[in-house]
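Computed from the coordinates by the stated procedures, all read-outs in this text should not be read as laboratory data. A quick note: this is a predicted structure, and the numbers were derived from the prediction, not measured. We place every Cβ from the backbone using ideal geometry, glycine too, and count neighbours over all the protein chains shown.
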Amino acid sequence: MTTETKRDLQADLALCNAASPGPWFVSGNDERPVTSNNYDIFYARGSELAYVGIACEDEEFIAESREGWPESIRRAIAAEEKLTQLVTALESKISMLDTRIDRRNGPCYFDESETVSRMHAEAYVYERVLAMIEREVSADATLDV
């Protein structure tokens, strides 16, 4: 069994941003297989490098990853932030309903039992949604909520 460590998305994005500017593309030139408009991303010349062997599909992966990887990381970071906001909003809503239920459970001139029942039902739904989110997040330990 292997243990995966959680990637540091901010560090991964910084690594991408520090690389030569993109977009990169496959040049079709054996000496300069992956280039950008202004840079040779890497090159191989007989006297400088003994041998660099890169399969065609690896050249394409390297070129496409320059734009795709940072975009994927930014989207993952944004999704984690949105999920955190959603969890916070649900917890806040549950807390607010609990407070309102406590206030209406005290002595009152009006029968508040129906209102309290509706608030209990609403809080229960929010709690169930929160439990579903937490269950999914714990199944995917790479998310940190």
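Here is how the numbers come out for the structure above:
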{"quantity": "Ascending count of other beta-carbon atoms within 10 Å, so fewest first, for ASP12, ASP58", "calculated": "ASP58, ASP12"}
{"quantity": "Per-residue HN-Hα couplings for region 76-91 [Karplus 6.51, -1.76, 1.60; θ = phi - 60°; Hz; x = Gly/Pro]", "calculated": "5, 4, 4, 5, 5, 5, 5, 5, 4, 5, 5, 4, 4, 5, 5, 4"}
{"quantity": "Sites ASP8 and ARG135, calculated FRET efficiency, Cβ-Cβ separation with R0 25 Å, nearest 0.05", "calculated": "0.50"}
{"quantity": "Karplus-derived HN-Hα couplings along region 105-110 (A = 6.51, B = -1.76, C = 1.60, θ = phi - 60°), whole Hz, x at Gly and Pro", "calculated": "7, x, x, 7, 6, 10"}
{"quantity": "Net lengthening on full extension, GLU127/MET96 (0.36 nm per residue, minus Cα-Cα)", "calculated": "9.9 nm"}
